[in-house]
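Below is one structure; the comments refer to it alone.
The values are calculated or read from the model by the stated rules, or taken from the named source; none is laboratory data. Note that the structure is predicted; figures quoted are calculated from it, not measured. So basically every Cβ, Gly included, is an ideal-geometry build from the backbone, and we count neighbours across all protein chains shown. All accessible areas refer to the heavy atoms of the entire protein, side chains included, with ligands and DNA or RNA removed. Shrake-Rupley method; radii C 1.70, N 1.55, O 1.52, S 1.80 Å.
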Amino acid sequence: MDKPKTLQQAIRYFSDEQICIDTIAKLRWPNGPVCTSCGHKEHYYLSAQKRWKCKECYKQFSVKVGTIFEDSPISLDKWLAGLWMLVNCKNGISSYEVGRALGLTQKSAWFMLHRLRLALQNGSVNKLGGPGSEVEVDETFIGGKARNMHLDVRERRITGTGGKDKTAVMGMLERGGEVRLTVVPNRRKKQLQDQVRHHVAAGAALYSDALQSYDGLSQEYGHKVIDHAEAYVNGRVHTNGLENFWSLLKRGINGTYVSVEPFHLFRYLDEQAFRYNNRHKPMNDGDRFTLALSQIAGKRLTFAEVTGKVGQASC
Ligand SMILES: [Zn+2]
């Protein structure tokens, strides 16, 4: 059967567990399976258990071991269908929708989506920018719709100063390239400039608004400021690329997810940045899926970690 191009084809294709295993194994171990215990390359395949047995240490391992799927009772066909939906729905997909579509409880689907988002995390060590490129930097605040909160939550979160319940997010966008997002505890100079230096190569043109926290970057960057009190665009100096990204991000978070705890916000940022950075042709739905699936290994997320609660059973 041909590689799937649509959700419907993907669901049909991955309904065969052996195809799921072969697809993941090929991405994970391009030169053949490697023992997850000792790294040895020779093994037997136990087709009844769908596991490999190492010829060196005799330990058995499945394709799930050492990935975001490890210890999950959810079958691989559901995992892969969930991943397909997550990377290809422009505004994201809620745990309610995934739960209904795949026959999982909302709680299981919620945990599944958080594990899948871990695969979407950008592990790139390459910096944005460099000589000749243009990078926009800006911040926004996410969260805190007081009128939708229960009274006790509202009292806990809102202290009368306004804005305290919101989380600051900083974005750096290379024009024609990638976006990087990070949650920041505040918008002070040290916070924002550390992020710029971490994510943007020296020598790039850097465009920001008139926030004073950005003062002092002009030795390393071609830093130009657009004062939004005067104008939003001055030739090439503007942050409209990021402004557009913020509205996309907020549409996803407010429309699809309704409420996002600040604690989990970075995972939604990873998700939105992944789709944005891989949105252009020649990337199609199947390519986005394959790219994400190639990033599942070496990552674990337990239920206790994702909820911040230890001692609860995983689902
Ligand atoms: Zn081994």
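Which pairs turn up if I take residues in the stretch 296-315 that are of a type in the set (Lys, Arg) and look for partners that are open to solvent by less than 30 Å² (accessible area, probe 1.4 Å) and modelled with pLDDT of 75 or more with beta carbon separation below 7 Å, at least 6 apart in sequence or on another chain?
Sorted first by the residue in the stretch 296-315, then by its partner, the pairs are 299/67; 299/68; 299/118; 299/119; 300/68.
Quick check on my filter: what residues within the stretch 253-276 are in a helix (DSSP H, G or I) and more than 17 Å from residue 83 (Cα to Cα)? Steps first, please.
We begin by selecting, within the stretch 253-276, every residue in a helix (DSSP H, G or I); these are 253-256, 262-276.
Across the stretch 253-276, the qualifying residues are 253, 254, 255, 262, 263, 264, 265, 266.
So how many residues does the stretch 259-299 have that are in contact with a Ser or Thr (Cβ under 6 Å, 6 or more places away or on another chain) and open to solvent by 30 Å² or more (accessible area, probe 1.4 Å)?
Qualifying residue count, the stretch 259-299: 2.
Of everything in the stretch 9-29 that's of a type in the set (S, T, N, Q) and free of Cβ contacts under 8 Å to residues at least 40 places away in the same chain, which residue is surrounded by the most Cβ atoms within 10 Å (Cβ to Cβ)?
So, considering only residues that are of a type in the set (S, T, N, Q) and free of Cβ contacts under 8 Å to residues at least 40 places away in the same chain, the one surrounded by the most Cβ atoms within 10 Å (Cβ to Cβ) is 9.
State all residues of the stretch 186-221 that are open to solvent by 20 Å² or more (accessible area, probe 1.4 Å) and assigned to a loop (DSSP other than H, G, I, E, B); if no residue qualifies, say none.
Hits for the stretch 186-221 are 186, 187, 188, 202, 203, 210, 211, 215, 216, 218, 219, 220.
In the stretch 90-108, how many are more than 16 Å from residue 305 (Cα to Cα) and surrounded by 18 or more Cβ atoms within 10 Å (Cβ to Cβ)?
Summing the residues that are more than 16 Å from residue 305 (Cα to Cα) and surrounded by 18 or more Cβ atoms within 10 Å (Cβ to Cβ) in the stretch 90-108 gives 8.
So which residues in the stretch 65-82 are surrounded by 21 or more Cβ atoms within 10 Å (Cβ to Cβ) and within 27 Å of residue 39 (Cβ to Cβ), if there are any at all?
67, 68, 69, 76, 79, 80
Of the residues in the stretch 74-114, how many are at pLDDT 95 or above, outside any helix (DSSP H, G or I) and among the hydroxyl-bearing types (Ser, Thr, Tyr)?
Residues flagged as at pLDDT 95 or above, outside any helix (DSSP H, G or I) and among the hydroxyl-bearing types (Ser, Thr, Tyr) within the stretch 74-114 amount to 2.
With respect to the numbered conditions (1) outside any helix (DSSP H, G or I); (2) open to solvent by 30 Å² or more (accessible area, probe 1.4 Å), which one is the sole condition not fulfilled by residue 33?
Against the list (1) outside any helix (DSSP H, G or I); (2) open to solvent by 30 Å² or more (accessible area, probe 1.4 Å), residue 33 comes up short only on (2).
Inside the stretch 233-258, can you point out the residues that are exposed (fewer than 13 other Cβ atoms within 10 Å of the Cβ) and not charged (D, E, K, R)?
If the condition is that a residue be exposed (fewer than 13 other Cβ atoms within 10 Å of the Cβ) and not charged (D, E, K, R), then 233, 235, 244, 247, 255, 258 are the ones that fit.
Let me spell it out: the conditions are (1) within 15 Å of the chain's Cα centre (by Cα); (2) within 16 Å of the ligand (Cβ to nearest atom), and residue 84 meets all of them except one. Which number is the exception?
(2)
State all residues of the stretch 262-314 that are in contact with a Phe, Trp or Tyr (Cβ under 6 Å, 6 or more places away or on another chain) and at pLDDT 80 or above; if no residue qualifies, say none.
Result: 289, single match.
Determine, yes or no, whether residue 62 is polar (S, T, N, Q), surrounded by 13 or more Cβ atoms within 10 Å (Cβ to Cβ) and at pLDDT below 95.
Taking the combined requirement at face value, the residue does not satisfy it.
Does the stretch 241-261 contain at least one residue that is in contact with a His (Cβ under 9 Å, 6 or more places away or on another chain), of a type in the set (Ser, Thr, Tyr) and modelled with pLDDT of 90 or more?
no
Return a yes/no flag: does the stretch 48-71 have any residue that is assigned to a helix (DSSP H, G or I), away from the ligand (no atom under 15 Å from the Cβ) and in contact (Cβ under 8 Å) with a residue 40 or more places away in the chain.
Looking for residues that are assigned to a helix (DSSP H, G or I), away from the ligand (no atom under 15 Å from the Cβ) and in contact (Cβ under 8 Å) with a residue 40 or more places away in the chain, one finds none in the stretch 48-71, hence no.
Restricting attention to the stretch 202-247, which residues are touching a Ser or Thr at 6+ places or on another chain (Cβ under 9 Å) and among the aliphatic types (A, V, I, L, M)?
Selection gives 204, 205, 206, 217, 225, 226, 242.
Among the numbered criteria (1) part of a loop (DSSP other than H, G, I, E, B); (2) within 13 Å of the ligand (Cβ to nearest atom), which one does residue 44 miss?
Evaluating residue 44 over (1) part of a loop (DSSP other than H, G, I, E, B); (2) within 13 Å of the ligand (Cβ to nearest atom) leaves (1) as the failure.
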